[in-house]
Amino acid sequence: MTLSTTTLESRRRGLVTAAHALIRESGGAGFSMIQLAKRAGVSPATPYNLVGTKADLLRLVVRDEFAAFETRLATRLPGSPLAELEAAIDLVVKHYCAEPAFYRGLYAAMQGEHAAELRGMMLAEGQQLWCAMVRTAVDAGEIERVIDDEAFTEVLLRAMASTTEAWLAVNWSRKRFAQEMHLATRLLLLGVVTKTARSRITAEFESSRRTSARKPARTSRTAKL
């Protein structure tokens with residue numbers, strides 16, 4: 001019996017969903033294709049027939065995650081290209097904090113058996129998405145072309161990735177994660193944005209510093225005793 005295109009796509013979608021759940025629950029991508037088939041409720045041969053190899057499956061998972069983020073991006077308020085880039089960076093924190101267990105598993109997988117494939121996929125998808133936003137801000141005159149757009153995007157992505165890895169490793173609160181992401185990325189932008197934007201970002205840092213300085217220091221329980 002020949003299955004319809006709709007049925008095949010539905011089963012493929014089910015495999016991606018099952019892989020997503022297994023990454024979230026197991027904390028990595030060490031599951032087998034047999035485990036995947038069982039979780040998706042299909043025969044052991046179905047993942048190979050519909051998706052291919054484990055690397056092919058992970059590629060679909062990564063693409064699916066970027067598609068979900070792009071859907072979130074479409075809902076942000078319109079603004080200048082630089083404002084939209086900054087809003088997209090801030091949205092990363094919200095997007096990741098919605099499923100910390102999954103991203104912890106995904107980042108752990110980038111240290112395992114499929115590390116090279118996963119890192120390559122994440123870089124390729126990220127470069128395409130973020131470089132487009134960087135280039136738009138450059139073309140609008142809000143970011144100076146100090147280096148190639150692609151090179152600056154790579155540095156920006158490394159800052160975002162390392163901040164995310166620290167959040168997962170240290171288990172920062174969402175607030176701390178947002179603060180660290182803001183600091184890491186805005187410091188980079190300070191070196192390439194126009195004078196007006198530089199003044200605004202500097203003012204934001206100053207405001208944040210003053211707010212922190214006004215907060216009373218916590219008294220430890222030991223000190224009270």
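The values are calculated or read from the model by the stated rules, or taken from the named source; none is laboratory data. Note that this is a predicted model, so its numbers are computed, not measured. In this analysis, Cβ positions are derived from the backbone assuming ideal geometry, glycine residues included, and neighbour counts consider all displayed protein chains. Accessible surface is based on the protein model in full, side chains and every heavy atom, while ligands, DNA and RNA are left aside. Shrake-Rupley method; radii C 1.70, N 1.55, O 1.52, S 1.80 Å.
Tell me the residue from 166, 124, 137 that is at pLDDT 95 or above and farther than 30 Å from residue 196 by Cβ, please. Result: 166 is the single residue among 166, 124, 137 that is at pLDDT 95 or above and farther than 30 Å from residue 196 by Cβ. For the range 82-129: of the residues being within 13 Å of the chain's Cα centre (by Cα) and not in a helix (DSSP H, G or I), which is surrounded by the most Cβ atoms within 10 Å (Cβ to Cβ)? Applying the filter and picking the extreme gives 99. Does residue 119 satisfy the criteria of being closer than 18 Å to residue 88 by Cα and not hydroxyl-bearing (Ser, Thr, Tyr)? The answer is no for residue 119. Please find, within the range 190-204, the residue that is nearest to the chain's Cα centre (by Cα) out of those that are in a helix (DSSP H, G or I) and polar (S, T, N, Q). My answer is 202. Would you pick out the residues in the range 61-81 that are part of a helix (DSSP H, G or I) and of a type outside the set (Gly, Ala, Ser)? The answer is 61, 62, 63, 64, 65, 66, 69, 70, 71, 72, 73, 81. With respect to the stated conditions, residue 222 fails to be part of a helix (DSSP H, G or I), under 23 Å from residue 140 (Cβ atoms) and either modelled with pLDDT of 90 or more or open to solvent by 90 Å² or more (accessible area, probe 1.4 Å) (or both). On the given criteria, is residue 197 of a type in the set (A, V, I, L, M), at pLDDT below 95 and open to solvent by 50 Å² or more (accessible area, probe 1.4 Å)? No: the conditions fail for residue 197.
Residues that are surrounded by fewer than 16 Cβ atoms within 10 Å (Cβ to Cβ), charged (D, E, K, R) and over 21 Å from residue 112 (Cα atoms) within the range 1-51 comprise 9, 13, 38, listed in sequence order. Of the listed requirements (1) closer than 30 Å to residue 192 by Cα; (2) out of contact with any Asp or Glu (no Cβ under 9 Å at 6 or more places or on another chain); (3) not in a loop (DSSP other than H, G, I, E, B), residue 23 misses just one: (1). For residue 158, the criteria (1) more than 14 Å from the chain's Cα centre (by Cα); (2) exposed (fewer than 15 other Cβ atoms within 10 Å of the Cβ) hold in every case but one, which is (1). Listed conditions (1) open to solvent by less than 60 Å² (accessible area, probe 1.4 Å); (2) under 21 Å from residue 80 (Cα atoms) are all met by residue 164, apart from (2). Pairs meeting the criteria (first residue in the range 1-21 and modelled with pLDDT of 95 or more, second residue open to solvent by 80 Å² or more (accessible area, probe 1.4 Å), beta carbons under 7 Å, at least 6 apart or on different chains) are 18/39; 21/39.
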